Amino acid sequence: MTTADRSPQPTQPACSSTAPPPDRRRAPGPAGQAAGRCISRLQGRYHQDNPAAVADLARLRRGAGKTAHQLQDHWGLGGLEDLAEVIAATGADVRREHAEEAVYLAVTLWALHQQSLRDSNMHHTKGSLGGAVRTLMRKKQSEDPSEDELNEPLRTRLVRVGTAESIESVAVRLREIVLLLRGEQVPLDYARLADQLYRWQSRTERAAVRREWGREFHLAAATGKAGRESGGAAGDSIDHTLSADAEDGGYGSGE
């Protein structure tokens, strides 16, 4: 072996300090896939002022706060056909009735949220329910600096969603929040919400979903404070790294 052979070779760092952190958000489940597919299709056509899409959204808005199959006029709408296609394609083992309720509720709430907003998307994959409520508080405070950011009526609305005991109650209480989000054009990830609503309907997973909503709310406060102190745009950011399998009830975990 020559001296050159024994010379230490330069080593590459195991990872770059500038590499972005891994995205640990859970991939959408069947309910989230179906809701996201349906909403993305309608959202694109709505922005193009497609007459059929405009009419579909007007019909879907009437279902916001109601349950799947309650309105016969919505048969063929609301993402339920997308759900059937996702289940058929993936062979996913799902609680079919729970998935239908979750998808329909997410799609109809989005239709209400998107009403008359042709230049922005109210379905956004970087949103969350708890984080959206916190962002709404922040916007209210910026409009009226004398108002405390922890707007008690808004916080109470989120708490009421968390304490609901039936999907019917969740639907009505979410509708109240969505109307407020629409007024300030605060978006929401409706695919994520659909998956959470699917899991919420299982008694063994309900507490975990409630913890997620609370965690989203509190983490958004921390990122918002950091954004304001740095003068950047992080004030409206939501935590995007909730572990899918966290033992303490992270996104996607059971009870």
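From (1) hydrophobic (A, V, I, L, M, F, W, C); (2) part of a helix (DSSP H, G or I); (3) without any contact (Cβ under 8 Å) to a residue 40 or more places away in the chain, pick out the condition that doesn't hold for L77.
So the condition that L77 fails would be (2).
Which condition does L112 not pass, out of (1) free of Cβ contacts under 8 Å to residues at least 40 places away in the same chain; (2) in a helix (DSSP H, G or I), if it passes all the others?
So the condition that L112 fails would be (1).
Can you tell me which residues in the stretch 173-186 are out of contact with any Lys or Arg (no Cβ under 8 Å at 6 or more places or on another chain) and either surrounded by 21 or more Cβ atoms within 10 Å (Cβ to Cβ) or within 14 Å of V107 (Cα to Cα) (or both)? Break it down stepwise before answering.
Our first condition is that a residue be out of contact with any Lys or Arg (no Cβ under 8 Å at 6 or more places or on another chain); within the stretch 173-186, this holds for 174-175, 178-179, 181-183, 185.
Listed by number, the residues that qualify are L174, R175, V178, L181.
For A233, state whether it is at pLDDT below 90 and among the hydrophobic types (A, V, I, L, M, F, W, C).
Numbers: at pLDDT below 90: yes; among the hydrophobic types (A, V, I, L, M, F, W, C): yes.
For A233, the condition - at pLDDT below 90 and among the hydrophobic types (A, V, I, L, M, F, W, C) - is met.
Restricting attention to the stretch 87-112, report how many residues are hydrophobic (A, V, I, L, M, F, W, C), touching a helix residue (DSSP H, G or I) at 6+ places or on another chain (Cβ under 9 Å), surrounded by fewer than 24 Cβ atoms within 10 Å (Cβ to Cβ) and over 22 Å from A58 (Cβ atoms).
Here is the first cut: in the stretch 87-112, the residues hydrophobic (A, V, I, L, M, F, W, C) are 87-89, 92, 94, 99, 102-103, 105-107, 109-112.
Applying the additional criterion that residues be touching a helix residue (DSSP H, G or I) at 6+ places or on another chain (Cβ under 9 Å) yields 87, 92, 94, 99, 102-103, 105-107, 109-112.
Cutting the leftovers down to surrounded by fewer than 24 Cβ atoms within 10 Å (Cβ to Cβ) gives us 87, 92, 94, 112.
Pick out the ones that are also over 22 Å from A58 (Cβ atoms) and you get 87, 92, 94.
The number of residues fulfilling the criteria is 3.
Answer with yes or no whether A34 is part of a helix (DSSP H, G or I), within 18 Å of D189 (Cα to Cα) and at pLDDT 85 or above. If you could, list the steps in order and put the result at the bottom.
Details: part of a helix (DSSP H, G or I): yes; within 18 Å of D189 (Cα to Cα): yes; at pLDDT 85 or above: yes.
So A34 fits the description; yes.
Restricting the search to the stretch 45-94, which residues are at pLDDT 90 or above and aromatic (F, W, Y)?
Result: Y46, single match.
The values are calculated or read from the model by the stated rules, or taken from the named source; none is laboratory data. Predicted model, so just to flag it, every value in this text is computed and none were measured. When we count neighbours, we look across all protein chains shown, and the Cβ atoms used for this are built from the backbone with ideal geometry, even at glycine.
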